[in-house]
Amino acid sequence: MPKIKTSRAAAKRFKKTGTGKLKRMKAYKSHILTKKSTKTKRNLRKAAMTDATNAKVMKKILPYL
């Protein structure tokens, strides 16, 4: 059985939690921040869990995570 290559793009964006869920950072926090409210920017700082509908695909491209 050959080794499966990890998607390096996904490996840089996702971390695995202790329970096996995938943790990700939120989008829309890199630029054009002047028109966004302080509350919006503060909420974008927090990490989020990957949705269950995407988790199955993500675990396929991250076999050794």
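Remarks
- Against the chain, whose longest principal axis comes from its Cα atoms, helix 52-61 is set at around 50 degrees.
- Taken along the Cα-to-beta-carbon direction at a fixed 7 Å, the label points for residue 26 and residue 59 span 2.6 nm.
- For segment 27-32, the Karplus equation 6.51 cos²θ - 1.76 cosθ + 1.60, evaluated at θ = phi - 60°, returns couplings of 8, 6, 10, 8, 8, 6 Hz by residue, with Gly and Pro reported as x.
- Carbon and sulfur %, accessible surface of the chain computed with the full protein complex present, 1.4 Å: 58 percent
- The phi torsions of segment 13-26, fed into the Karplus equation with coefficients 6.51, -1.76 and 1.60 and a -60° offset, translate into couplings of 9, 10, 10, 9, 8, x, 8, x, 7, 9, 9, 9, 9, 7 Hz, rounded to whole numbers, with Gly and Pro shown as x.
- Amide N of segment 1-34 lying under 15 Å from the label point, which is placed 7 angstrom from the Cα of residue 47 along Cα→Cβ: 11-27
- Using every pair of separate Cα atoms, the Kirkwood estimate puts the hydrodynamic radius of the chain at 13.6 angstrom.
- In this structure the chain gives 89 Å² per residue of accessible area when probed at 1.4 Å with all protein chains present.
- Candidate cross-link partners of residue 59 among the lysines, defined by an alpha-carbon separation under 17 Å and a same-chain spacing of 8 or more, comprise 3, 5, 12, 15, 16, 21, 23.
The values are calculated or read from the model by the stated rules, or taken from the named source; none is laboratory data. If you're wondering where the values come from, they're calculated on a predicted model, not measured in any experiment. Positions of Cβ are backbone-derived with ideal geometry, glycine not excepted, and every protein chain shown enters the neighbour counts. Just so you know, the surface numbers come from the protein's heavy atoms only, side chains and all, with ligands and any DNA or RNA stripped out. Shrake-Rupley method; radii C 1.70, N 1.55, O 1.52, S 1.80 Å.
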